[in-house]
1. Can you tell me the equivalent ellipsoid semi-axes for the chain? Use √(5λ) from the Cα gyration tensor, largest first, whole Å.
2. Considering only C-alpha atoms, what is the centroid distance from segment 180-232 to segment 283-310, in Å?
3. Could you work out how far helix 409-418 tilts from the main Cα principal axis of the chain, as a 0 to 90 degree angle to the nearest 10?
4. For the pair residue 295/residue 60, report the inter-label distance in nm, with labels modelled 7 Å from Cα in the Cβ direction.
5. Quick one: go through segment 261-294 and flag any residue whose amide nitrogen is under 12 Å from the point 7 Å out along the Cα-to-Cβ line of residue 521.
6. With no solvent and one point per C-alpha, what does the Debye sum give as log10 I(q)/I(0) for segment 157-209 at q = 0.21, 0.29, 0.30 Å⁻¹?
7. So if I average 1/r over every pair of distinct C-alpha atoms in segment 460-505 and take the inverse, what Kirkwood radius in Å does that give?
8. Per the Kirkwood formula on distinct C-alpha pairs, the Rh of segment 180-223 is how many angstrom?
Ligand SMILES: [Zn+2]
């Protein structure tokens, strides 16, 4: 983002540069959000590095030194040359490897070796805002170890010398995951390992980010495999990069035991029902969300139903599930998407390498596993608009979306974590805990009643609103002949909104279709013991 033009005196053979980096405060998304507290820091080298213009990132060497507060410990995939306690000298690496190898450090830190004695080794480094947050239940430790075994069985080769999960647990840093070749920067709330609901909420994070070591880092869409940090990236194949990773991440969460199958199915039902009801799909094809990723990652939540968000994640899940089910049906259960993963992402184990690919390469590899018109399949699902979400994977996998009037466990956890009440499946609106209306589905009962995103909910049937009153009032629309009435505030004006809605509370779940084989359960079966 920043270039410095210097007049170098004749005869000078080096330039000394010093720079300041201001840590962002608590607000902000991804790595522009907070990355440090008084107890810990997550260091992304790209934020503190300068390099000569025009250099290919893998052709320039860096030897970094890091000074840490007294007593702090650290974790990283970077090779350590000298650990002097208060300062660490890292071995020389290329700029590409440096930027790909963040460091986490803090006062409360521990490292767990997940596969003792095995090569390559796998480490879980945890840094937290308290000592209590470092507690790792034996069963979770087993699940993380199982995850490494399952990725080995799925891909058949590993493209790293060692793998380091860099897990930050804090309520004061931005929560997200960022993939790297030999590590992942995984940030969750302080109670991730000690609160069962939060653990379930974030169970897909580590499997997702680890999958990226193969799908994203080793195999990378040609448009994203740039030689330096100047070239603009082309994100059109993000539905493979993120979409397939999202699918595999959820499958691996279930296969490794981090989720029960029930959690996977509930999560899938929510994603599928949301995408199926999202009216933005009528004008915006999925491919357009990939090329607009750099805008959509940071776009407002209000209006998402009509604008669409980074749907290549969740809709990618549905598309790759459908591909998996298709391969299983075509081959009468003999082959699956697992075979594609081994073929496309496996190869020879060893140090990190990048093998770019195009859509034609993906289609060719799929055809080697199961002969099918994959080109038309992706054309239809990715590049064209469709009024309905791709639900073929669920339906041909022996399940269907049904609606219940009780909040499913995974939705309850989501609502608690995001501090909102999701009535999008009934009224068509989502409310934050302070009453702010996050979004309204165009065409829904809420839309027809005159409610729009960014208004504020004040009262339900003339009583000051709470989530409980709202749910109860929606529930009684089935039997109550008087219309439901919500009072909303539109900036300085109060607006009473009457609803023509009589279907009660509605939340999506998946239901078995008895006469079809249950392929979803077959997909979730672990590959290792
Ligand atoms: Zn990802």
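Bear in mind that the values in this text are calculations on the coordinates, not laboratory data. All values reported here derive from a predicted model rather than from experimental measurement. Positions of Cβ are generated from backbone atoms using ideal geometry, with glycine treated the same way; all protein chains shown enter the neighbour counts.
1. Sorted largest first and rounded, they come to 40, 29, 23 Å.
2. Taking the Cα centre of each part, segment 180-232 and segment 283-310 sit 21 Å apart.
3. Approximately 70 degrees, to the nearest 10.
4. In this crude label model, residue 295 to residue 60 measures out at 3.2 nm.
5. Residues 261-262 qualify, since their backbone N sits under 12 Å from the label point.
6. For the requested q values the scattering log ratios are -0.74, -1.14, -1.19.
7. Mean inverse Cα-Cα distance, inverted, gives 11.0 Å.
8. By the Kirkwood definition, the hydrodynamic radius is 11.6 Å.
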